[in-house]
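The values are calculated or read from the model by the stated rules, or taken from the named source; none is laboratory data. Note that this is a predicted model, so its numbers are computed, not measured. Please note: Cβ atoms are built from the backbone with ideal geometry, for glycine as well, and neighbour counts cover all protein chains shown.
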Amino acid sequence: MGLIVRSDSSAVESGPSSRTEAEEFDVAVIGCGPVGAALATLLGQAGQRVVIIERHTEAYPLPRAVHFDHEVARILQSCGLGPDLPSISESAGIYEWRNGTGTTLLRFGGRPVGPSGWPDTNMFWQPALEERLEHAAAGQRSVELRRGVRLVGLLDGPDGCVLTTERDDGTTEHLRVRFAVGCDGANSTVRDLMGVTTTDLGFFYDWLIVDVVLHESRVFDPVNLQICDPSRPTTAVSGGPGRRRWEFMRLPHETIDELDDPARAWELLEPWDVTADNATLERHAVYRFHARWADRWRVGNVLLAGDAAHQMPPFAGQGMCSGLRDAVNLAWKLDLVLAGRSPDALLDAYEIEREQNVRAVIDFSMSLGKVICVTDPDEAAERDALMADTTEPGVSLAPPPLPGIGNGIVSPGDPLAGELFIQGRVTGGGGAALFDDVWRSGWRLVSMDEAVAASISADDLEWFAGLGGTVVTVTAGDDVDGTYGTWFAEHDVIAALQRPDFVLFGAAPTLGEVEPLLESLRGTLDRPHERLVPTPSAQPLEPDPLYPTA
């Protein structure tokens, strides 16, 4: 049944089984996975009215992603999950790559405290994380979660969208929202309704994913291991406390049906002394990974996030991480637009900022995959010899930093603009605590010089406070571990202006440059289109409706 919006956008005509009055929300989030739940939580914290539409009646009970990094831990902390993270995840210090003979080819060493105040590498069980994220979203007064509801129609207009949803009993309902965000996964209904195509790099392999629960605690050294054996490329990593994951690449002569069998899973686990006597097989599934992204992440008032916008090989552990970066990037932009503090051209920066990062991460993941997914013995021998020449025994490499934002809502010409800002421990009311637990997340002008706050005009302070911004002075006595003193000294600046997604808008080298930095932010948010240069795949948006009206 077609959905028709009258020209005055005041009513909805529908069939006899539908409600005729559309409910109104600021944002509809389609999909209640980690990305959708995080986005709804962050918008709810800002007081925006959000409805989450989720077609499944219950949360997915099996693991999928198993890794998040220090930046994503900080994003989860901003959603209120900080106290829970240590109980549902474990830090994995070493990620080692070995060839078929057990020779170490590469060794990454995760820091116990990364730049964001959390371990570089965190292994977790996704159902536990999703449960807490859903609880965080549902705990916001302005957020409503509707399960067992499918999106079946979507119409965009000048002032917002009308969504048609359908329950399992066939009842349809209409929702009127200012913005809709598709967080509904790789087979996104929202993306299909938008008519958005994808760019696929054609890099894909089939892997058997096996998750087990160990009956007794066991030490694995290293915790995370990649075996680059041409006879069977294999991954063995933590699946969160008390759990392990193995991934076995499908070989050219095998069919998916042959591999996707519990008996075959147990056979492949046997060399690891993992059997039905000492472990429970929680999940086994053959998964085909892809390297692709949506060609447009925004069409009018409809946007995409998470797997709906991009997919990548799993070798860098950045799939879910990238989706949560989407959520925190988009949340503050939607909030400012909904609050009338910036025009909706600000949302064009979402795709520009996130696509450049995602494409770099996809390229990095593919480069790792090209090393791992080698099944030709001669090619593997050449790879091993090359890597052996560049690997120092016993030396661990730090995880490579992800690219910052070079084009978007950042201070032009500032060498620190677009880089991720640090989080250290500071003194709070109850003693030492992470910065965000004391000052919360949001727009923060951080300095260690009390003269910074005094240098800002009353007008700019009032404007900054209207954004939810706070000027924070971290004194030497407050800087518990010297994190801020070290950072400011290394970068030779007096103040850092942090966005709500923990990215630096810019930094001021001197006291006299603090207020111009705020003025630059003000001008950027007032006229964001002047700072945006579309990426090659981000074409100008068309105002045409997403869904036919006839």
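Checked against (1) out of contact with any Asp or Glu (no Cβ under 8 Å at 6 or more places or on another chain); (2) buried (at least 17 other Cβ atoms within 10 Å of the Cβ); (3) of a type outside the set (A, V, I, L, M), residue 486 meets all criteria but (2). Criterion applied to 320, 366 was being in contact with a helix residue (DSSP H, G or I) (Cβ under 7 Å, 6 or more places away or on another chain) and either crowded, with 24+ Cβ neighbours inside 10 Å or assigned to a helix (DSSP H, G or I) (or both), and the one residue passing it is 320. Could you tell me whether region 266-289 includes any residue that is farther than 29 Å from residue 219 by Cα and modelled with pLDDT under 95? Checked against the condition, which is being farther than 29 Å from residue 219 by Cα and modelled with pLDDT under 95, region 266-289 yields at least one hit.
Yes/no matrix, rows are residues, columns are (1) outside the structural domain of residue 70 (by TED's automatic domain parsing); (2) surrounded by 15 or more Cβ atoms within 10 Å (Cβ to Cβ); (3) more than 30 Å from residue 98 (Cα to Cα):
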residue	(1), (2), (3)
397	yes, no, no
406	yes, no, yes
418	yes, yes, yes
442	yes, yes, yes
468	yes, yes, yes
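Can residue 197 be described as at pLDDT 95 or above and either aliphatic (A, V, I, L, M) or farther than 21 Å from residue 327 by Cβ (or both)? Yes: the conditions hold for residue 197. Just one of the listed residues (345, 309, 339, 305) is within 15 Å of the chain's Cα centre (by Cα) and either within 19 Å of residue 49 (Cβ to Cβ) or surrounded by fewer than 23 Cβ atoms within 10 Å (Cβ to Cβ) (or both), and it is 305.
All conditions in (1) out of contact with any strand residue (DSSP E or B) (no Cβ under 9 Å at 6 or more places or on another chain); (2) hydrophobic (A, V, I, L, M, F, W, C); (3) crowded, with 18+ Cβ neighbours inside 10 Å hold for residue 263, with the sole exception of (3). Just one of the listed residues (146, 218, 141, 191) is buried (at least 22 other Cβ atoms within 10 Å of the Cβ) and not aliphatic (A, V, I, L, M), namely 191. Residues that are touching a residue at least 60 places away in the same chain (Cβ under 8 Å), under 17 Å from residue 146 (Cα atoms) and charged (D, E, K, R) within region 168-200 comprise 168, 173, 176, 184, listed in sequence order.
When region 403-432 is filtered for residues that are farther than 17 Å from residue 530 by Cβ and either touching a Pro at 6+ places or on another chain (Cβ under 8 Å) or of a type in the set (Phe, Trp, Tyr) (or both), the ones remaining, listed by number, are 420, 421, 422, 423. Within region 221-234, the set of residues being without any contact (Cβ under 8 Å) to a residue 60 or more places away in the chain and within 28 Å of the chain's Cα centre (by Cα) comprises 234 only. Note on region 111-128: among residues that are under 23 Å from residue 245 (Cα atoms) and aliphatic (A, V, I, L, M), the one that is surrounded by the fewest Cβ atoms within 10 Å (Cβ to Cβ) is 128. Inspection of region 294-301 identifies at least one residue that is touching a Ser or Thr at 6+ places or on another chain (Cβ under 6 Å), under 20 Å from residue 352 (Cβ atoms) and part of a strand (DSSP E or B).
The number of residues in region 52-81 being touching a Leu at 6+ places or on another chain (Cβ under 7 Å), more than 14 Å from residue 135 (Cα to Cα) and either among the β-branched types (Val, Ile, Thr) or not assigned by TED's automatic domain parsing to the domain that holds residue 23 (or both) comes to 3.
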